[in-house]
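Visitor: Next up is a structure, given as structure tokens.
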Amino acid sequence: MTDAEQQVFRQKIIGERILLMLPLNVVLAARIRGTVDPESVITALDRLRSRHPLLAVRAEIRDDGTGMYVGSNVPPIQFEVVLRKSDDQWLARVEEELQAPFPIETGPLVRCSLVHSERVCDVILCGLHTICDGMSLGYLLRDLLECLAEPEKEIAGPVVPPVIDSSTVPKPPSTHALQRFIMGLINRKWEAKGIQFNESDMCRMHEKYWESNTGIQLLAWTLDAEDTARLVEQSRAEKVTVNSTLWTAFLAAQYEVQPDRLRYRQRSALAVSTRDKLNVPVGDALGFYASSLTAKLPYCPTMSFWDNARVVQEKITKELAKTDLFRMLTSELIHPTLLDSLYFRKFGLVEGAMPNKLLRKMKWHQTTYGYALTNVGRFDIPTSYGPLELEAVHGPLFYSDVEEKMLGVITVGGRLSFFHVSRRPVVGDATLLKDAAMRYLKAAVGEST
């Protein structure tokens with residue numbers, strides 16, 4: 001995409017407007033073997049703005065609260081190099097990326113960090129969740145490595161991300177006329193207050209959010225190719241998906257390590273990609289194509305692991321069949337700044353009965369899920385890029401205070417990787433959960449998992 005074309009890129013912020021000011025950054029991390037020149041990374045990221053338009057946008061919020069992604073006057077992608085001193089140093093960098101707000105009014109809404117040494121580097125891609133999902137960052141990683149391997153090769157594209165609206169979803173969410181009437185009254189009453197929020201307000205809310213969510217602990221680990229293949233093979237033999245197998249292992253670990261049977265731990269959140277569910281092709285566009293479903297997934301210790309896995313799979317299948325994956329579009333019924341006000345109300349930065357009532361109705365005021373899992377599955381990208389070797393990928397991962405524990409899973413190069421985040425003050429030492437989950441997998445699958 002030429003500079004002139006980039007200047008005119010504009011895309012309406014639709015269902016994802018509800019998330020725009022929330023502290024939801026999504027991260028993907030990769031370990032690279034080989035010599036990576038930081039200046040080459042800067043050049044590659046700049047070139048890739050012509051392939052992925054949302055790498056070069058800012059959020060333009062109008063007086064009525066509606067928004068547009070605008071591709072004009074956007075600075076280069078923020079890039080920072082850190083001298084690599086240890087194998088796990090990148091985890092501290094990920095924690096920093098999760099907590100740093102984006103400059104939504106000036107953009108861009110993506111960052112890159114390089115934990116650098118001469119022979120090994122850790123690349124950390126971070127994006128505001130409203131413009132990208134986990135798969136988006138995976139495609140961006142692939143494109144970045146291809147640019148580093150072949151810097152003279154022409155950049156293909158642009159890959160313009162299709163919007164998710166009533167014209168692109170199979171069945172737009174329906175709302176009752178009475179509901180629309182009532183929301184119209186509420187919106188007019190709210191609009192009369194003239195309350196608006198800007199980037200400065202957002203940064204203040206983010207600061208309050210992270211003051212209330214201290215003690216983040218990150219764990220990352222990977223199965224080798226043999227153990228990954230065994231996990232896949234045994235799951236198939238038991239007629240369950242790998243996703244159901246993984247869910248069962250972590251539900252079993254939760255049951256064992258956290259014996260206090262809090263109600264929210266009976267509820268789980270499962271990320272679902274919508275890339276293959278639209279009326280238009282999405283391909284490998286960088287954009288927000290993620291939804292979720294909620295399921296009650298209790299673990300029964302008197303049943304075998306695989307019987308539990310079959311129950312988990314049945315429940316997930318039933319919930320998926322009845323869940324409206326595009327329900328976020330209904331948020332257009334609510335005034336955008338009223339949506340913005342929810343987390344401002346949660347952290348005491350705005351008063352009012354309406355935001356308080358809506359906050360509780362959406363259950364954003366409390367921890368709602370024991371586990372949230374995002375499983376990208378087998379992500380078919382190369383592991384060799386000229387002199388560079390992609391050794392491991394971890395993610396995608398984000399942190400949300402309505403979910404007690406979050407797990408990102410991805411399989412690249414035949415190796416399955418886990419990325420786990422939680423708060424130590426809430427769950428204690430999360431390595432106990434990790435070790436228990438891996439022990440259940442080992443017992444179910446066998447050998448050295």
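The values are calculated or read from the model by the stated rules, or taken from the named source; none is laboratory data. It should be emphasised that the depicted structure is a prediction, and the values quoted were computed from it without experimental measurement. Cβ atoms come from the backbone with ideal geometry, glycine included; neighbour counts cover every protein chain shown.
Visitor: Just give me the residues in region 38-65 being modelled with pLDDT under 95 and surrounded by fewer than 16 Cβ atoms within 10 Å (Cβ to Cβ), in sequence order.
Guide: Arg62, Asp63, Asp64
Visitor: Suppose we filter Leu231, Leu246, Leu218, Leu223 for residues that are at pLDDT 95 or above and touching a His at 6+ places or on another chain (Cβ under 8 Å); which single one remains?
Guide: Just one listed residue meets the conditions, Leu218.
Visitor: I'm trying to understand the selection: among the residues of region 384-402, which are among the hydrophobic types (A, V, I, L, M, F, W, C) and either in a strand (DSSP E or B) or farther than 19 Å from Ala30 by Cβ (or both)?
Guide: Matches in region 384-402: Leu388, Leu390, Ala392, Val393, Leu397, Val402.
Conditions (1) in contact (Cβ under 8 Å) with a residue 12 or more places away in the chain; (2) farther than 30 Å from Val427 by Cβ; (3) assigned to a helix (DSSP H, G or I), marked per residue:
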site	(1), (2), (3)
Met303	no, no, no
Ala321	no, yes, yes
Leu325	yes, no, no
Leu342	yes, no, yes
Leu349	yes, no, no
Pro382	yes, yes, no
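Visitor: Then there's this: Could you please tell me which pairs satisfy a Cβ distance under 6 Å, a separation of 6+ or placement on different chains, a first residue in region 37-65 that is free of Cβ contacts under 8 Å to residues at least 60 places away in the same chain, and a second residue that is assigned to a helix (DSSP H, G or I) and among the small types (Gly, Ala, Ser)?
Guide: Cβ pairs passing all conditions: Arg49/Ala56.
Visitor: So Glu207 clears everything in (1) more than 19 Å from Glu97 (Cβ to Cβ); (2) surrounded by fewer than 18 Cβ atoms within 10 Å (Cβ to Cβ); (3) out of contact with any helix residue (DSSP H, G or I) (no Cβ under 8 Å at 6 or more places or on another chain) except one condition, right? Which one?
Guide: Of everything listed in (1) more than 19 Å from Glu97 (Cβ to Cβ); (2) surrounded by fewer than 18 Cβ atoms within 10 Å (Cβ to Cβ); (3) out of contact with any helix residue (DSSP H, G or I) (no Cβ under 8 Å at 6 or more places or on another chain), Glu207 misses just condition (1).
Visitor: If a residue counts only when it is among the basic types (Lys, Arg), which helices (runs of 4 or more DSSP H) contained entirely in region 170-269 have at least 3 such residues?
Guide: Qualifying helices (runs of 4 or more DSSP H): 177-191.
Visitor: To continue, here is another question. Being assigned to a strand (DSSP E or B), farther than 28 Å from Glu16 by Cβ and in contact (Cβ under 8 Å) with a residue 40 or more places away in the chain is the filter here; which residues of region 115-152 pass it?
Guide: The answer is His116, Val120, Cys121, Asp122.
Visitor: Here is a further query. Condition check: assigned to a strand (DSSP E or B) and crowded, with 19+ Cβ neighbours inside 10 Å. Does Thr337 satisfy that?
Guide: Considered against the rule, which asks whether it is assigned to a strand (DSSP E or B) and crowded, with 19+ Cβ neighbours inside 10 Å, Thr337 comes out as no.
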